[in-house]
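Accompanying notes for the structure given below.
The values are calculated or read from the model by the stated rules, or taken from the named source; none is laboratory data. Small disclaimer: the values here were computed from a predicted structure and weren't measured. Every residue, glycine as well, gets a Cβ built from its backbone with ideal geometry; the counts of neighbours run over all protein chains shown. Surface areas here come from the heavy atoms of the whole protein model, side chains and all, with no ligands, DNA or RNA. Shrake-Rupley method; radii C 1.70, N 1.55, O 1.52, S 1.80 Å.
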Amino acid sequence: SPRAKTIKLADLIHNTESIVANDPGFAKMYLAEKRLLMEVLREGDETLWKRAMSLLEDSEAYLRRNYIEY
């Protein structure tokens, strides 16, 4: 449902920063999975979707800059 997708977006936003900061190895897999999930979550809150997508892109860029193996 759109409500469940909105909750999932909020969860993704909440978890992404700490995962990227504390476990870059896991973050690589986590972000790849979340990128695939984003299309399904489009039916959630539009503002949260845009925020989550921006955070995802910023996190991927951070890992590329700071971790050669990304």
If you take the residues in region 15-26 that are open to solvent by less than 50 Å² (accessible area, probe 1.4 Å) and either within 12 Å of residue 55 (Cβ to Cβ) or among the polar types (S, T, N, Q) (or both), which one is nearest to the chain's Cα centre (by Cα)?
-> 16
Restricting the search to region 34-50, which residues are under 15 Å from residue 20 (Cβ atoms) and either among the hydroxyl-bearing types (Ser, Thr, Tyr) or surrounded by 15 or more Cβ atoms within 10 Å (Cβ to Cβ) (or both)?
-> 34
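Being outside any helix (DSSP H, G or I) and touching a residue at least 12 places away in the same chain (Cβ under 8 Å) is the filter here; which residues of region 25-67 pass it?
Selection gives 44, 45, 67.
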Exactly one of (1) outside any helix (DSSP H, G or I); (2) at pLDDT 95 or above is unmet by residue 70. Its number?
-> (2)
If the Cβ limit is 7 Å and pairs must be 6+ apart or interchain, which residue in region 7-24 that is modelled with pLDDT of 95 or more pairs with which residue that is not in a helix (DSSP H, G or I)?
-> 8/44; 9/44; 9/45
State yes or no: is residue 27 of a type in the set (A, V, I, L, M, F, W, C), out of contact with any Gly (no Cβ under 9 Å at 6 or more places or on another chain) and more than 22 Å from residue 7 (Cβ to Cβ)?
-> no
Does region 1-14 contain at least one residue that is open to solvent by 70 Å² or more (accessible area, probe 1.4 Å), outside any helix (DSSP H, G or I) and out of contact with any helix residue (DSSP H, G or I) (no Cβ under 6 Å at 6 or more places or on another chain)?
-> yes
